[in-house]
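What follows is one structure encoded as structure tokens, with my remarks underneath.
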Amino acid sequence: MRLNISTNHLYKLSKEFENRLNLLAEHILLDQNKDEAKVNLKFVSSKEMIQLNKEFRKQDLDTNVLSFLASNDIQMISGELGDIAMSIPYIQKESQNLNRDLEDHMMHLLAHGILHLLGFDHKKDKDADMMEAKEIKYLEFFKIANPYLI
């Protein structure tokens, strides 16, 4: 498994969905020639996400996903590319507001988070276009509609 998933009492993953998350991570990592890399995914509360966002981005607010790249030493020793945190309450509310399936939205955010760990960003329009195209391609593989058109 390429994805180490940890949850809290807020959200229980079905085995089927956990497998889909793992397959998505594996698919992206293989496509990006990082087939030996591992990613840690933690589902957190809004309180935990606000704390992470405040500490690492100086923003005192909840958000859907944050990615934290592991140091080169950690990557060499453990093979871990980094950590991804997802705020379950935020994502549940966001998927309702966007009228999206919760699991499809979580798959999209996982792809987004992994691409950040791989060095992609969306600060400039052309970089955002490239990152979104990759997300769309990876989601299509799982029969998930383009999240930017919905």
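The values are calculated or read from the model by the stated rules, or taken from the named source; none is laboratory data. These figures come from a predicted structure and were not determined experimentally. With ideal geometry, Cβ positions are generated from the backbone for all residues, glycine too; neighbour counts draw on all protein chains shown. Side chains are part of the model used for accessible areas, which takes the heavy atoms of the whole protein and leaves out ligands, DNA and RNA. Shrake-Rupley method; radii C 1.70, N 1.55, O 1.52, S 1.80 Å.
Data overview
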| quantity | calculated |
| --- | --- |
| Sequence of 81, 69 from largest to smallest accessible area, 1.4 Å probe | 69, 81 |
| Check: the chain dipole with +1 on Lys, Arg Cβ and -1 on Asp, Glu Cβ, in debye | 240 |
| Too-long pairs where the Cα-Cα distance tops 30 Å, listed order kept, from 47/137; 34/123; 58/137 | 47/137; 58/137 |
| Three-way shape label, segment 23-150, alpha-carbon gyration tensor, a/c 1.5 | oblate |
| Extension reserve of the residue 77-residue 9 stretch, reckoned as 0.36 nm per residue once the Cα distance is removed | 21.4 nm |
| Computed [θ] at 222 nm, helices only, for the chain once each DSSP H run of length n ≥ 4 contributes -39500 (n - 2.57) | -16500 deg cm²/dmol |
| Extension gain, residue 60 back to residue 35 (0.36 nm per residue minus Cα-Cα distance, nm) | 5.5 nm |
| Inter-site label distance for residue 149 and residue 99 at 7 Å from Cα along Cβ, in nm | 1.6 |
| Excluding exposed DSSP-loop trypsin sites (Lys or Arg not before Pro) (at most 14 other C-beta within 10 Å), longest clean stretch of the chain | 59-122 |
| Apportionment of accessible area to carbon and sulfur, segment 1-137, percent (1.4 Å) | 49 |
| Summed residue charge, Cβ within 9 Å of residue 8's Cβ, Lys/Arg positive, Asp/Glu negative | 0 |
| Solvent-accessible surface (1.4 angstrom probe) belonging to residue 86, in square angstrom, nearest 10 | 0 |
| Shape category assigned to segment 7-81 from the gyration tensor of Cα positions, a/c cut at 1.5 | oblate |
